[in-house]
Each structure stands twice: as C-alpha cells, then as structure tokens.
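Notes for the one structure printed next.
The values are calculated or read from the model by the stated rules, or taken from the named source; none is laboratory data. Computed from a predicted model, the values in this text were never measured in an experiment. Reconstructed Cβ throughout: ideal geometry from the backbone, glycine too, with neighbour counts over all protein chains shown.
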Amino acid sequence: MQNETEKSTEKTAIKIQAKNVGVSYSGMVALKDVQIDITERKVTALIGPSGCGKTTFLRTMNRMNDIIEGCEVTGEILLDGEDIYDTQVDPVVLRRRVGMVFQKPNPFPKSIFDNVAYGPKIHGLADKKDELEYIVEKSLKRAGLFDEVKDRLNAPGTSLSGGQQQRLCIARAIAVSPEVILMDEPCSALDPIATARIEELIDEIKERYTIVMVTHSMQQAARVSQQTAFFHLGELVEQGETETIFTNPRDPRTEAYVTGRIG
Amino acid sequence: MAASHIVKAYDEELADLNRLIVEMGGLVESQLASAIEVLIKHMPEEAKAVIKQDKKIDEMEIAIDQLATRLLALRQPMGEDLRNIVAALKMSNNIERMGDYGKNIAKRAITISHLPILNKTSASIERMGEMVRIMIRETLDAYIRKDKDLALEVIEKDQQVDQIHTSLFREILTYMSANPDTATSCTHLLFIVKNIERIGDHTTNLAEQIYYIVSGELVNEDRVKEDKSAYVAVEGEGKNN
C-alpha cells in the first residue's frame, strides 16, 4: 500500500510550472498568459499551427530566448519550484539541467566521442579519462547508438546518417545528466524509419527524464506523449491527457486543428 | 461540425460514409416492415424478395468497412472524425446483423405460411414490429442530425419492446401448451418475436454509437432490462411426470 501511494504521488509530480508566461519580440506579442504544469518523467507534446508560439514557449524553459535581441519574457517559469529567470540563476547551469535537441541534427565538427564528451568535460562531470569514457559509452547506449558506432568513435559526428546524428545529439544532451530534455521537432528532418527509432528512444528515456517536445505531426504527439498542450495564435488553448486531446477535445479550436480544419 | 477540412476530398469521403450508413439503415428499416407484412398476410412469394434484399445489405457492410478502413489509413483521423469513422465500422456491423434477423423472419414466414393464421398474436407482432421500425427511423434521424437526445430516447424505447416481447413469449407459450398441434407455427413465432427483439437491441447499439459520436462519451449503461422472457414458464407443466 505504501508503495502504491508513493507511486501515485510520483506520477503527478510537477517538474516545471509556467505561470502567466508571456513572450514578446521587440514589442510583438508571441505568447500570452501561458499557465501549464509539466509532469515529471512524462512526455509532454506541444502542438499547434506554425507561428502559434509553441517553439517560443519551449525555448523559455531553458532561457534560449535570452540570446535573441529584443526578446522579453514575463511571468514565471518554475523548475522544481524555483524561478529560472531569477537573477541568481546561471543560464549555463540551467541548460545543463534542461537540455535541448533541435530540429536539424547539429553535431559539433568533432569526433563522435568528443561530441558526447564535450558537455561532461566543460561542466566538470568527469575527472579522469576512464570516467569520461564511461559517460560517453553510457550516453551512447541510452541513445541507442552505441552498437552502431562503437568501432568508429573517432570518426567525425557529421559522417553519420541523419537519424544517427540526431541520436548522437540526444546522447550529447543525456551526457550531462539533465533532468529535462526539450525537443524542437526532433524528427522533422528524418525519414520514417529514423523517426520510428527516435520515437522508440523517447519512449525508453522518459523513465529517467522529463521530456517536452514540439511536433508538427499530430500522430507523433499521439504516439509518443502522455500530455498534450495545444497552442493557437500565441495562446495555450487546451492541455490535458493526450488521449483526450486527440479523441475528445473540449475546445472547438483544438477539435478544428486536430481534425485538419485549421492549419 | 460546420467548418470544412483543408483537404476537400476528406470531407467528401466522410459525407459518403455517412450517406452509406443512412442508406443501409433505410434498407433494414423497410426490410423489417416488409418481413412483418409477408408474415401477417401470408405472402410466401413476396417473402422471397425480402430474403433476396439482404444480399444488398451485406454488400453495403463491405462497402462501408472498406471506405472506413481507407479513411483511417489515408487521413489519420482525430477528434469527432475519428469517432465518426470508428462508429461507422461498428454501426455497419450492427445493421448487417439486423438484416440477418429480418431475413430470418421472412424465411420463417414462408415455412408457416400454409399453417392456420394465429390471429390472436398477429396484432401484437405487428405492433412490436412497428415500434422497432420507428426506433430504426428515429436512430437514422438522430444520426443525420447528430442529435444525442433523440438517440437516448431510442434507447429508452427499447424497454417497451422488451416488455412486449416478454408478454408475446408468454402468450405463444400458452397457446402451444393448450394446443400442441400449433407447436410448429408457435415455435417459429417465438423465434420471430425474438428476432424483432434482437433488431431492437441492435438499434439501441446504433443509438449508443451516435451518442458517442456526438458527445465523445459512452452512454451510461445502468438502464433497466425489461426482457424477462428468459424467466417465463407455463404453470402446471411437468406435473404428470
């Protein structure tokens, strides 16, 4: 009984909380009044038509918008209850805890090994060579890539196929032991087989990480995520269990979008 | 749903699917009316035409299943579209079963057509058949108008059909035990009223699907079952054994 109670509280643990989050670019409002709780160790999909603000919102969660000139973020984003926009928070440390995988695979122009080893090195997570090797191997294994590359770890990361490069980027994100991984359309540049591999991988790693994923494929959101949030014209229209959003959404705008009536 | 899909062909395919369901349901509605008529009026030749009509119903089930499968594969439907298509698959299956029961009534009508008319039961059977026919009609109306309240009314009506079934069952059983010469026709009549009752049950299944399409929720299934024919026995039987 004790265990069950613990489990059920674990299930509903909130990792990230957005409160009245608004974003504007040089005065142009991109996102307004977003309230959402991101559940720990679940996959949350952000869906919506182009320009709806979903990627903007994703980028607020590890302060990627900081580097964009004229970008202003209002409201609060709490990671484990602490505001990540607090002046005391070091964005570099934040981005170790909240990693990111981008739309197009972007390995560094370095070897496969160095791509994964880079993060742990700069964050001082490994003192000795064998510790680093252990992290690299473990990360590549978790990203489902190790067996394919173990004999050529010194080959350039860019020599891999698109799907392998994306898994390398996931291994790179995993290597610094993040708590949250943000994914911005991680499969949009990949073929269906490579996409299926990434989806399978996301399903495996969600046991360890909280994943927030922007996707244009509603089928992908339906397959991969447990929670879905629908954005439209800079507003968070509806959020909830993925199954509900796709089979029986409450808001007519969500219904119109998921059934292919607005784009 | 007022707005159209971005892909026009999708709208057309969904409209085709809905049209096929209504058409198939209409066939079963008229088949039931004809089957009761040929039974009551002793028209074995016309009964053959009713039996033949079932083939068309079977073909429509296949057409609906193929179109729904195609829509699932090509359009990857979501929301109300998904409910609509999944419901169409189930509804076509239910309507096909209704057609089989209608056909069976017509077959039995031929078998007992040369036997004496059971005038005493024909009025009740006609009334029961008409009740179920109206249920089918209202179900199709509810489907066309996306009217979940009408669907619920149909589900309620099935209780009256169940009540008539129980009383007819009792009545026929009584005739049979009073006059064993009528055993053949009475047995067939028992099956016939059971068939009508089953058609009513399948009609409520259709109404439940319509409720689901419109609301996204399942009908609360705690309604009272009025079909008590399973408990009916003729008093005094077996005493001489």
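Here are the numbers:
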| quantity | calculated |
| --- | --- |
| Boolean, residue A:223 is over 27 Å from residue A:32 (Cα atoms), away from chain B (no Cβ under 12 Å) and of a type in the set (Lys, Arg) | no |
| Boolean, residue B:74 is part of a helix (DSSP H, G or I) and away from chain A (no Cβ under 14 Å) | no |
| Residue check for residue A:139: closer than 21 Å to residue A:198 by Cα, among the polar types (S, T, N, Q) and exposed (fewer than 15 other Cβ atoms within 10 Å of the Cβ) | no |
| Of the criteria (1) more than 20 Å from residue B:10 (Cα to Cα); (2) surrounded by fewer than 22 Cβ atoms within 10 Å (Cβ to Cβ), which one residue B:35 fails | (2) |
| Any hit, the range B:80-94, residues being at negative phi, assigned to a helix (DSSP H, G or I), away from chain A (no Cβ under 14 Å) and in contact with a Gly (Cβ under 9 Å, 6 or more places away or on another chain) | yes |
| Qualifying residue in the range A:204-220 (condition: farther than 19 Å from residue A:61 by Cβ, over 13 Å from the mean Cα position of the chain (by Cα), within 14 Å of another protein chain (Cβ to nearest Cβ) and crowded, with 19+ Cβ neighbours inside 10 Å) | yes |
| Number of positions in the range A:32-67 that are part of a helix (DSSP H, G or I) and within 13 Å of the chain's Cα centre (by Cα) | 8 |
| The range A:224-263: number of residues that are touching a Ser or Thr at 6+ places or on another chain (Cβ under 9 Å), surrounded by fewer than 17 Cβ atoms within 10 Å (Cβ to Cβ) and at pLDDT 95 or above | 3 |
| Residue tally, condition in contact (Cβ under 8 Å) with a residue 24 or more places away in the chain and crowded, with 16+ Cβ neighbours inside 10 Å, over the range A:142-157 | 7 |
| Test result for residue A:193, away from chain B (no Cβ under 14 Å), buried (at least 22 other Cβ atoms within 10 Å of the Cβ) and hydrophobic (A, V, I, L, M, F, W, C) | no |
| Helices (runs of 4 or more DSSP H) contained in the range A:201-263 and holding at least 2 residues charged (D, E, K, R) | A:252-258 |
| Scope the range B:115-135; condition over 18 Å from the mean Cα position of the chain (by Cα) and in contact (Cβ under 8 Å) with a residue 24 or more places away in the chain; matching residues | B:115, B:116, B:117, B:118, B:120, B:121, B:122 |
| Those residues of the range B:73-114 which are buried (at least 17 other Cβ atoms within 10 Å of the Cβ), without any contact (Cβ under 8 Å) to a residue 40 or more places away in the chain and of a type in the set (A, V, I, L, M, F, W, C), in sequence order | B:78, B:82, B:86, B:89 |
| Residue pairs meeting the criteria (Cβ under 7 Å; at least 6 apart or on separate chains; first more than 7 Å from chain B (Cβ to nearest Cβ), in the range A:249-263; second of a type in the set (A, V, I, L, M, F, W, C)) | A:251/A:237; A:253/A:237; A:254/A:230; A:254/A:237; A:254/A:245; A:257/A:230; A:262/A:256 |
| Residue identified as in contact with a helix residue (DSSP H, G or I) (Cβ under 6 Å, 6 or more places away or on another chain) and closer than 17 Å to residue A:211 by Cβ among A:115, A:62 | A:62 |
| Single residue of B:23, B:45 found to be in a helix (DSSP H, G or I), away from chain A (no Cβ under 14 Å), under 30 Å from residue B:120 (Cβ atoms) and not β-branched (Val, Ile, Thr) | B:45 |
| Test for residue A:181: is it touching a residue at least 60 places away in the same chain (Cβ under 8 Å) and within 14 Å of another protein chain (Cβ to nearest Cβ) | no |
